[in-house]
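**Q** Starting off with a structure, shown below.
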Amino acid sequence: MSQPLVSVVLPCLNEEAAIGSCIQKIQATFEQARIDGEIVVCDNGSTDQSVAIAERMGARVVHQPARGYGNAYLKGFATARGQYLVMGDADDTYDFTLIPKLLDLLTTQGYDFVTGSRYLNGGHHNITPLHRVFGNPALTAVLNRLFGTSYTDVYCGFRGFSRRAYEAIRPLSPGMEFNLELAINAGLAGLRVTEVPIELATRKGESKLRTFRDGWRSLRMMLLYSPNMLFLLPGFLFLFSGLAIHLAVLLGIVRWDGRPAAGVTGVFATILSVVGFEILSLGLHTKTYSWTRRFDRHNRSLERFYRRFNLETGLLLGGILLLLGGGVLAGVVLEWLRASMLPLPHPEWASLGATLFIIGASTLFSSLFISAMSMERQAQ
């Protein structure tokens, strides 16, 4: 079978009220614009006549038993044969006569990823008020802020992209956050992106969107894809605060009612320091994974870091901290035993020793873990 120019993929879950109209409009667009295309309907467990209607009208139907908007698209794109891929909902809300415009932007104007926007020319009046005024604009603003993009409508489900772009994006999300992942990864992969104004029509059939559940899953995805905000910034703040408290306690700067802060304050310093270091470690692990296997292959800051930091450096640093912490703790224990296990005059040293010992051990094992993750990168 020859490869068609474009595959239009429609996810479908009980869309008998609209699926026929969508297929008819796509077929008419193909014929009028003389486009060699196919229609792939990915059924996600419909119990109505959706599948029968799609097959009767000549669409190719594939089945995805795992429920979820993203799962349906993942199966649909995996079975599509076109050089270019267009996605659109099967609820008759999107104008499929714009397919030729999407293809023109992809084939002749050099764009890799074209997405519709219901906000460019006021085409958003049929979005429900909560999503139109708050949900979509808020998620779009957060995504743009975190990833340096300039989308106006990240949740639009009408998009087109080349097969090469889709393979670079490599989405994984099973649910409604699939749309956000496409937009995020298109930016991270350095694809050339543009938006086209569209007008959303009235939906036929029942909406599958669950406002608060899908909103939280979308926000969670953006945070997980942004390790700087999720890990590095809070980790640095915790670690810096903990070490500053340690220093202030040891120098006698912090006092309560004329008495120097000691044991309890030192414990809080240890908590902040260790938690901050562990968060930073998780952030570094996340960045390393991204660097070696996804989109940060030319991350200059990470490249500079790994030119100075290797397994041997990490093991040496961790060993030094481990020995320092162990030495401090050993001295504290000896002093405690000599004092017949009475309260120590300077318990803050025990907190400092514990901090150094824990961070040293974490550095040792983090170095081993990061080295294992980055082996693929080093071999390239």
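**Q** Counting only residues 5 or more places away or on other chains, whose amide H sits under 5 Å from the amide H of residue 61 once H atoms are built in the peptide plane?
**A** When sequence neighbours closer than 5 places are left aside, the close amide H contacts are 41.
**Q** Rounded to whole Hz and in sequence order, give me ³J(HN,Hα) for segment 311-323 from the Karplus expression 6.51 cos²θ - 1.76 cosθ + 1.60, θ = phi - 60°, writing x for Gly and Pro.
**A** Residue by residue, segment 311-323 yields 4, 5, 4, x, 5, 5, 4, x, x, 4, 5, 5, 5 Hz.
**Q** I'd like to compare 326-337, 109-120: which one has the highest average count of other Cβ atoms within 10 Å, and what's the full order after that?
**A** Descending packing order for the listed peptides: 109-120, 326-337.
**Q** Once you have the Cα-Cα distance between residue 339 and residue 282, take 0.36 nm times their residue separation minus that, and quote the gain in nm to one decimal.
**A** 16.5 nm
**Q** Apply 1/(1 + (r/R0)^6) to the Cβ-Cβ distance of residue 268 and residue 192, taking R0 = 41 Å, and write down the FRET efficiency to the nearest 0.05.
**A** In this case the efficiency is close to 0.25.
**Q** Mean shadow of segment 21-128, computed from the convex hull of its alpha carbons, in nm²?
**A** 7.9
**Q** Between residue 15 and residues 5 or more places away or on another chain, which pairs have amide H atoms under 5 Å apart, with H built 1.01 Å from N, and which residues are they?
**A** Counting only residues 5 or more places away or on other chains, the set is 50.
**Q** Given H placed on each backbone N at 1.01 Å, which residues far from residue 196 in sequence or on other chains put an amide H within less than 5 Å of it?
**A** Distant-sequence amide H within range of residue 196: 115, 116, 117.
**Q** For segment 157-174, take each phi angle, set θ = phi - 60°, evaluate the Karplus expression 6.51 cos²θ - 1.76 cosθ + 1.60, and give the result in whole Hz per residue in order, putting x for glycine and proline.
**A** Going residue by residue, I get x, 10, 8, x, 7, 6, 5, 4, 5, 5, 5, 6, 5, 6, x, 10, 5, x Hz, with x marking Gly and Pro.
**Q** Mind checking the full-extension length gain between residue 251 and residue 107? Use 0.36 nm per residue of separation minus the Cα-Cα distance, one decimal, nm.
**A** Extra length from residue 251 to residue 107 when fully extended: 45.1 nm.
**Q** Quick one, can you get me the convex hull of the C-alpha atoms of segment 1-78 expressed as volume per residue in Å³?
**A** Cα-based convex hull of segment 1-78, divided per residue, equals 86 Å³.
**Q** Output the Cα-based Rg and Dmax of segment 37-195 in Å, rounding Rg to one decimal and Dmax to a whole number.
**A** Expressed in Å, the Cα Rg and Dmax of segment 37-195 come to 15.6, 46.
**Q** Please compute the Kirkwood hydrodynamic radius over segment 157-199, one decimal place, Å, based on all pairs of different Cα atoms.
**A** 11.0
No lab work stands behind these numbers, since they all come straight from the coordinates. Everything numeric in this text was worked out from a predicted model, so none of it was measured. Here Cβ is always computed from backbone atoms with ideal geometry, including for glycine, and neighbour counts include all displayed protein chains.
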